[in-house]
Amino acid sequence: MNRYAALGFLGLGLMVSPLFGGIGNSAVPANPKIGIINIEETLSTTPAGKRANDAFEKNRKLKQGQLDKQQEDLKKADADLVKQKAVLKPEVFDAKRQELEKKFVDLQQTYVKLERELAQDRTKLIQDLLKQAEPKIAAIAKAEGVSLILDQSATVWADPAVDLTQKLDAEMK
């Protein structure tokens, strides 16, 4: 749809909308109040968040250690091959070099796979924390008269007065 048609439909909608003023407004409050939470702060400062973050870090370090060991083994094999170059036939050296290059490509693929797994683990960690926090967030919203709560990462700017993170942090154990 071109831009002019879209603007035309928008204008038509704005002209017609007052005619339907009473329809569908019953569910939306007249002055909706919005709150903000910083889930990353909750993750790093609350006991529940720290436990989850510690488990994630332990898993990350384990995977990083495995990757580092594979990388060290590959470096050692490369150094050994360089030392043996003078005594190996050129075709044997080339074959071993190609084998090392294949292992290097496999290591790079493993690295990408582990990065993807860690990103998924981090996302799951945040989702699990949000599931745990959801009833607490709902209770805070009800107590504060808030209609909508957004994560701070989804906002460009917010008045500090609408930040409910401290109240959520106090509830998370």
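The values are calculated or read from the model by the stated rules, or taken from the named source; none is laboratory data. Quick caveat: nothing in here was measured; it's all calculated off a predicted structure. Note that each Cβ is placed from the backbone with ideal geometry, even for glycine, and that neighbours are counted across all protein chains shown. The protein model used for the area step is the full one, side chains on, heavy atoms only, and it has no ligands, DNA or RNA in it. Shrake-Rupley method; radii C 1.70, N 1.55, O 1.52, S 1.80 Å.
Test L164 against the criterion of being surrounded by 12 or more Cβ atoms within 10 Å (Cβ to Cβ) and touching a strand residue (DSSP E or B) at 6+ places or on another chain (Cβ under 6 Å), and give yes or no. First the steps, then the outcome.
On the way: surrounded by 12 or more Cβ atoms within 10 Å (Cβ to Cβ): yes; touching a strand residue (DSSP E or B) at 6+ places or on another chain (Cβ under 6 Å): yes.
When the stated conditions are applied, L164 passes them.
Right, D80: modelled with pLDDT under 95 and either within 13 Å of I37 (Cα to Cα) or open to solvent by less than 60 Å² (accessible area, probe 1.4 Å) (or both) or not? Even if it seems obvious, please write down each step before you answer.
Numbers: modelled with pLDDT under 95: yes; either within 13 Å of I37 (Cα to Cα) or open to solvent by less than 60 Å² (accessible area, probe 1.4 Å) (or both): no.
No, not satisfied.
Go through K124, K103 for me and flag whichever is open to solvent by 50 Å² or more (accessible area, probe 1.4 Å) and over 20 Å from the mean Cα position of the chain (by Cα). Quick ask: steps written out before the conclusion?
Details: K124 fails: over 20 Å from the mean Cα position of the chain (by Cα).
None of the others qualify; the one that does is K103.
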Boolean, E115 is within 26 Å of G49 (Cβ to Cβ), open to solvent by 60 Å² or more (accessible area, probe 1.4 Å) and within 20 Å of the chain's Cα centre (by Cα): yes
Subset of region 127-160 (residues that are within 16 Å of A55 (Cβ to Cβ) and open to solvent by 80 Å² or more (accessible area, probe 1.4 Å)): Q127, K131
Number of the condition not met by Q64 [criteria: (1) under 30 Å from A170 (Cα atoms); (2) open to solvent by less than 70 Å² (accessible area, probe 1.4 Å)]: (1)
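Does at least one position in region 116-135 carry a residue that is within 30 Å of A30 (Cβ to Cβ) and without any contact (Cβ under 8 Å) to a residue 60 or more places away in the chain? So that I can check it myself, show each step before the final result.
Step one: of region 116-135, the residues within 30 Å of A30 (Cβ to Cβ) are 130, 133-135.
If we keep only those that are without any contact (Cβ under 8 Å) to a residue 60 or more places away in the chain as well, we get 134-135.
Yes, region 116-135 contains at least one residue that is within 30 Å of A30 (Cβ to Cβ) and without any contact (Cβ under 8 Å) to a residue 60 or more places away in the chain.
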Any pair with Cβ under 9 angstrom, 6 or more apart, that starts in region 141-159 at a residue that is of a type in the set (S, T, Y) and ends at one that is assigned to a loop (DSSP other than H, G, I, E, B) and open to solvent by less than 50 Å² (accessible area, probe 1.4 Å): S153/N38
